[in-house]
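The values are calculated or read from the model by the stated rules, or taken from the named source; none is laboratory data. Just so it is clear, the model here is predicted, and its values are computed rather than measured. All Cβ positions, even for glycine, are placed from backbone atoms using ideal geometry, and neighbour counts span all protein chains on display. Heads up: the accessible areas ignore ligands, DNA and RNA and are worked out on the full protein's heavy atoms, side chains in. Shrake-Rupley method; radii C 1.70, N 1.55, O 1.52, S 1.80 Å.
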Amino acid sequence: MLDALRREVLDAAMGLVKYSLVSLAGGNASGRDRNTGHVVITPSGMAYDTLKPEDLVVVDMSGRVVEGRWRPSVDTQMHLRAYALNPMFSGVIHTHSPCATALAVMNRPLPVITTTMANVLGVEVPVSELAVAGTDGAADLVEGIAENPAILLRSHGVLAFGPTVTRALAVAVTVEEAARIYFKAASLGTPPVLPPDVVREAKQFYDTQYGQKGAAK
């Protein structure tokens, strides 16, 4: 079931390790199939480099396992809540990336400080309330995401969203890169926040011009 989506989610999960966004079996990744509404998600507590596509778990929007022999991620309800709140999301990535998590520990949002962050995110990354990971309280944290592409989970990590799980991974990587730059810039002084008009222009340019958009077939 959903073989292509399983492979995409697994590739994104491997990206968590590749880009040093998690350690061991930390974090999780999921993708939503728009036709069935089912969600493919990584299993709980299993190292990504041992996984095969068939190890991923398919759940419905109530969290019931539709296919799979393993328990789904303990953060499944958080992923499902995000999908229910924003139909534009079909990918969710959760990381424990160090620099972004440090800001989450300090309850400090990540402002838009680079044009790359403006390109990919276009908005500040806010900090959620505090809740224990894997609980109903943690799932409630996504209630305030609105259109935000990412949030910092207070004292825990990062939650990133996108129209695909591949795109959500790109958001998560961008958040950590921006947080790392923020810390380096802060060692020199107070990092300046980009003006709103520059952020809007950068985001519009990225959404309409970056990559192969409009390229001849």
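The listed peptides 85-98, 132-145, ordered by packing as a protection proxy, come out as 85-98, 132-145 (highest mean of other Cβ atoms within 10 Å first). The helix-only estimate of mean residue ellipticity at 222 nm for the chain, built from DSSP H runs of length n ≥ 4 each weighted as -39500 (n - 2.57), is -11500 deg cm²/dmol after division by the residue total. By accessible area, using a 1.4 Å probe on protein heavy atoms only, the chain has 55% of its surface on carbon and sulfur. Each residue of the range 149-155 was assigned a 3J(HN,Hα) from its phi angle through the Karplus expression (A = 6.51, B = -1.76, C = 1.60, θ = phi - 60°), giving x, 7, 9, 8, 7, 3, 6 Hz with x at Gly and Pro. If you take all other residues with their beta carbon under 13 Å from the beta carbon of ALA150, and give Lys and Arg +1 and Asp and Glu -1, the sum is -3.
Counting Lys and Arg as +1 and Asp and Glu as -1 over every other residue whose Cβ lies under 14 Å from the Cβ of VAL171, the net charge comes to -3.
With 0.36 nm allotted per residue and the present C-alpha distance subtracted, the ARG200-ASN86 stretch has 38.9 nm of extension available. Across PRO191, PRO149, PRO109, mean-square fluctuation computed from a Gaussian network of the chain (C-alpha pairs under 10 Å connected) peaks at PRO191. Taking Cα atoms only, the orientation of helix 165-186 departs from the longest principal axis of the chain by about 40 degrees. Normalising the average separation of contacting C-alpha pairs (under 8 angstrom, six or more residues apart) by the number of residues puts the relative contact order of the chain at 21 percent. Accessible area per residue for the range 120-194, computed on protein heavy atoms with a 1.4 Å probe, is 45 Å².
Counting only the Cα atoms, the chain fills a convex hull of 126 Å³ per residue. Springs join every pair of Cα atoms under 10 Å in this Gaussian network model of the chain, and among LEU24, LEU51, LEU130 the largest mean-square fluctuation is at LEU24. Phi angles across the range 83-92 convert, under the Karplus curve 6.51 cos²θ - 1.76 cosθ + 1.60 with θ = phi - 60°, into 3J(HN,Hα) values of 5, 5, 6, 9, x, 6, 7, 10, x, 9 Hz, Gly and Pro given as x.
Helix 3-18 and the longest principal axis of the C-alpha atoms of the chain enclose an angle of approximately 50°.
Kindly list the residues of the range 140-174 that lie in the label zone of LYS213, defined by a backbone N under 19 Å from the point 7 Å along the Cα-to-C-beta vector. From the range 140-174, the list is 147-150, 161-172, 174.
Note that the range 49-56 has calculated 3J(HN,Hα) couplings of 6, 9, 7, 10, x, 6, 7, 6 Hz, one per residue in order, obtained from phi through the Karplus relation 6.51 cos²θ - 1.76 cosθ + 1.60 (θ = phi - 60°); glycine and proline are x.
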